[in-house]
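Have a look at the structure below, then the notes.
The values are calculated or read from the model by the stated rules, or taken from the named source; none is laboratory data. Note that the coordinates shown come from a computational prediction; the quantities given were computed from them, not determined experimentally. Glycine gets a Cβ as well: all are built from the backbone with ideal geometry, and neighbour counts include every protein chain shown.
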Amino acid sequence: MNNELKKKVFFIASHVFDQNIKKINLDSSIKNVKKWDSVSHLNFIFSLEEEFKLNIEPMDIVKLTSLKKIIDYILKLKKKGLS
Amino acid sequence: MLNNNKILSPAEVLKENKLLIKKSKLFNKINIGILTNYSANFLEPYIKNSGFKFSVNINSDFPDFDQIEKNLFEKKFFKKKKQIIFISFLLDYLLEDLTYKHFSLSRRQKKNKIFFVIERIKRIIDLIQKNSNSKIVILNFPNFFLDFNKFSDQSIMPFLSSVVSELNLEMNNMVKKLTNCYIYDFSSYITKHGSKNFFDETKSRLAFIPFSIFGLNKTANIIARCSNALSSKIKKCLVVDLDDTLWGGVLGELGPDNIVLNDTYDGLKYISFQKKILSLKARGILLAISSKNNISDVKEVFKKNKNLILSLKDFSSLQINWNDKATNINKIAKDLNIGLDSIVFFDNNPLEREWVKKKLPEVSVIESSKSHHDYIEDIENSHFFDQFIISDEDKKRHKMYKEDFKRKKALKKSGSYKDFLKNLKISTEIKNVNKFTIQRCAQLVERTNQFNLTNNRYEASEILNFIKNGGVGLSIKLSDKFGDYGIVGFIMAIQKNQCWVIDEFVFSCRALGRNIEHILLKKLIQKLRSRDKQEIIGVVNRTEKNKLAHKFYLDFGFKKKGSHFVL
């Protein structure tokens, strides 16, 4: 299940940051991805909201600056949803 | 059905765009500008995606956020030429204080606020029209979406929405007086979908993005449709089938008394579809039938069935036979003297549609839904009939084709072409082009391909500009005993290097063959000669379609000089 999620997040990232999927990994972040700027960051967040049917809090949006943080966040939200 | 109803996330849109990049190199390019008081750059990939669905490649340009006037003044915005500039303001940002102050403002204060908004837009339009020839499309004001009023306030105090209505009314009045400036009813569109679905308060507070993902998709689609409507060839004719299209069932099998066209649920749906088609006719779209049926059966239906909205007279061409539909459409194009690329085909049978698409690729085919419940939406979503201007000529088109039919009959009857012309009782009227006739003249310039000597597709504003700077523009009206053609020709000469240059000369192909175009040219020469004895240069820019006009000037004593002609 986690792998499914990871795959989906990576795919979305490759499209919004215009980067080859092979170069996307858990360490990809705003610091090392060239086209990860404020506009593409928001496009990323909005796409994740659509894909996983989430509402990401504005306060958290600024913090989610790496794929690892994002995947952990989504997993946390999903766990909350189930309980 | 065109897949323009799916709501895409930014990632999905970017992905689709990437897949279509190669194909898009073949598309026509449209450059647009978008002036907004919100973050419009999130619309950009959506606009591109919507454009791809119409086979156009739309490039959008935005000024820096909240820097509209600054960017326009500095003119760098005009460096890259744009065919269309969109203006969209949301009152929630523009008149933000109104949302919580409006009960404490006097009527005069409210009027002032409205005045300042209109003045600002006027100034922006002015700047654009002074520095470019771009067409302007204004998305009018939707209702406030950040609304703090509760029911009790709204029921006893003046509505906040009355400010919006007044603003939109003022804007209508302002735009009516301008050329090349249009309004799209954004407000009604959003009402139809609901503000709650269209806007997103969180995104708005986060980054001045007022729209939800749904709103982004829909707004971009509107912008793409408007761009397409203003830059693509107008469709002049809708060809429809009969069975399971205008009524339910196959006439040949059920007989005229048993087709579904009554007050049952299904019957009413077909009646509604007929009303939709009739409304197209009122806008100037010609109607034609291509149906595999016995004509006697069809005539009986149209004679007996009281539930029909349409009558046979509403159609300008009837191809009711057992020929294939491509042959029929070709005949329709010939009968109506229009190009195949002006025709839209609607048929519920996918095999017929595939056949026509294969045989006549220039014809626009609507991918109709399986169920007749969706036919009206199919026509509306197809964008083929999107139009901002409906000219007087458009409204009279059906009548004009009827009169043409009578002329053809008279020609057949008369002994010779000369006799025919003599009996026509032709009368013409030549006038200087003015603000009432400019739209029709500009329409002729845009649409005429065969008798179009220069192929300079000048816009209304450009033509008026030429006239203001000393040019001469004449339009000619034609009528005969069968009816009025309206304005059929336009010619314009401008001063260049101490010569007169005939930079525009177009003539409707419906009116050719009577030497009326000769009358127009003679009048122009007369006018120019009454002013001075300068050389008159007849410009001819050859295209594939204007072959008949290549040697036109030679008949008037012009001498060939290079690719043009000089008197």
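Would you mind stating whether B:Phe552 is modelled with pLDDT of 90 or more and under 16 Å from B:Thr454 (Cβ atoms)? Steps first, please.
Values: modelled with pLDDT of 90 or more: no; under 16 Å from B:Thr454 (Cβ atoms): yes.
Criteria not met by B:Phe552.
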(Q) Show me the strands (runs of 3 or more DSSP E) entirely contained within the range B:454-567 in which 1 or more residues are buried (at least 21 other Cβ atoms within 10 Å of the Cβ) and polar (S, T, N, Q). (A) B:472-480
Q.
Can you tell me which of (1) in contact with an Asp or Glu (Cβ under 8 Å, 6 or more places away or on another chain); (2) within 14 Å of another protein chain (Cβ to nearest Cβ) is the one A:Ser14 doesn't meet?
A. (1)
Q: Scan the range B:9-35 and report the pairs whose first residue is away from chain A (no Cβ under 14 Å) and in contact (Cβ under 8 Å) with a residue 12 or more places away in the chain and whose second residue is surrounded by fewer than 21 Cβ atoms within 10 Å (Cβ to Cβ) and polar (S, T, N, Q), with Cβ atoms within less than 6 Å and a gap of 6+ or a chain change.
A: B:Ser24/B:Asn57; B:Phe27/B:Ser55; B:Phe27/B:Asn57; B:Lys29/B:Asn57; B:Ile30/B:Gln83; B:Ile30/B:Ser231; B:Asn31/B:Asn59; B:Asn31/B:Gln83
(Q) Of the conditions (1) in a helix (DSSP H, G or I); (2) within 13 Å of B:Ile213 (Cβ to Cβ); (3) more than 8 Å from every other protein chain (Cβ to nearest Cβ), A:Lys79 satisfies every one except a single condition; which number is it? (A) (2)
Q: Among residues belonging to the range A:17-59 that are charged (D, E, K, R) and either part of a helix (DSSP H, G or I) or touching a Leu at 6+ places or on another chain (Cβ under 8 Å) (or both), point out the one that is farthest from the other protein chains (Cβ to nearest Cβ).
A: A:Asp27
Q. A:Lys6: free of Cβ contacts under 8 Å to residues at least 40 places away in the same chain, in a helix (DSSP H, G or I) and away from chain B (no Cβ under 11 Å), yes or no?
A. no
Q: Could you run through the range B:112-137 and say how many residues are in contact with a strand residue (DSSP E or B) (Cβ under 7 Å, 6 or more places away or on another chain) and either part of a helix (DSSP H, G or I) or modelled with pLDDT under 90 (or both)?
A: 4
Q.
Restricting to the range B:472-499, name every residue that is more than 17 Å from B:Gln534 (Cβ to Cβ), under 24 Å from the mean Cα position of the chain (by Cα) and hydrophobic (A, V, I, L, M, F, W, C).
A. B:Ile476, B:Ile487, B:Val488, B:Phe490
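Out of B:Phe42, B:Phe52, B:Phe86, report the one residue that is more than 14 Å from chain A (Cβ to nearest Cβ), within 30 Å of B:Asn143 (Cα to Cα), crowded, with 18+ Cβ neighbours inside 10 Å and not hydroxyl-bearing (Ser, Thr, Tyr).
B:Phe86
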Q | Selection from the range A:20-48 of residues that are buried (at least 17 other Cβ atoms within 10 Å of the Cβ) and not small (Gly, Ala, Ser) | A | A:Ile24, A:Val33, A:Trp36, A:His41, A:Leu42, A:Asn43, A:Phe44, A:Ile45, A:Phe46, A:Leu48
Q. Quick one: B:Phe65 ticks every box in (1) within 12 Å of another protein chain (Cβ to nearest Cβ); (2) buried (at least 20 other Cβ atoms within 10 Å of the Cβ); (3) at pLDDT below 90 bar one, so which box is it?
A. (2)
(Q) Can you tell me which residue is surrounded by the fewest Cβ atoms within 10 Å (Cβ to Cβ) among those in the range B:138-173 that are aromatic (Phe, Trp, Tyr) and either modelled with pLDDT under 95 or in a helix (DSSP H, G or I) (or both)? (A) B:Phe151
Q | Residue satisfying all of: in the range B:196-223; in contact (Cβ under 8 Å) with a residue 12 or more places away in the chain, part of a helix (DSSP H, G or I) and among the polar types (S, T, N, Q); farthest from the other protein chains (Cβ to nearest Cβ) among these | A | B:Asn221
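Within the range B:343-439, which strands (runs of 3 or more DSSP E) (wholly inside it) include 1 or more residues that are loosely packed, with under 15 Cβ neighbours inside 10 Å and over 20 Å from the mean Cα position of the chain (by Cα)?
Answer list for the range B:343-439: B:427-432.
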Q.
Show the residue pairs meeting these rules: Cβ distance below 6 Å; 6+ apart or different chains; first residue within the range A:24-35 and in contact (Cβ under 8 Å) with a residue 24 or more places away in the chain; second residue part of a loop (DSSP other than H, G, I, E, B).
A. A:Ser29/A:Thr65; A:Ile30/A:Trp36; A:Ile30/A:Thr65
Q: Enumerate the helices (runs of 4 or more DSSP H) found wholly within the range B:44-111, keeping only those where 3 or more residues are closer than 15 Å to B:Ala224 by Cβ and in contact with a strand residue (DSSP E or B) (Cβ under 8 Å, 6 or more places away or on another chain).
A: B:44-53
Q. How many residues does the range B:406-427 hold that are out of contact with any helix residue (DSSP H, G or I) (no Cβ under 6 Å at 6 or more places or on another chain) and either polar (S, T, N, Q) or free of Cβ contacts under 8 Å to residues at least 40 places away in the same chain (or both)?
A. 12
Q) Identify, please: which residue in the range B:302-315 is without any contact (Cβ under 8 Å) to a residue 12 or more places away in the chain and part of a loop (DSSP other than H, G, I, E, B) and is, among those, nearest to B:Leu261 (Cα to Cα)? A) B:Lys306
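Report yes if some residue within the range B:240-251 is within 30 Å of B:Phe65 (Cβ to Cβ) and either part of a helix (DSSP H, G or I) or within 11 Å of chain A (Cβ to nearest Cβ) (or both); otherwise report no.
Step one: list which residues in the range B:240-251 are within 30 Å of B:Phe65 (Cβ to Cβ), which gives none.
No, the range B:240-251 contains no residue that is within 30 Å of B:Phe65 (Cβ to Cβ) and either part of a helix (DSSP H, G or I) or within 11 Å of chain A (Cβ to nearest Cβ) (or both).
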Q. Which number in (1) in contact with a Leu (Cβ under 8 Å, 6 or more places away or on another chain); (2) surrounded by fewer than 16 Cβ atoms within 10 Å (Cβ to Cβ); (3) polar (S, T, N, Q) marks the one condition that B:Gln450 misses?
A. (2)
Q) In the range B:279-301, what count of residues is obtained for those that are closer than 22 Å to B:Lys325 by Cβ and either aliphatic (A, V, I, L, M) or not in a strand (DSSP E or B) (or both)? A) 16
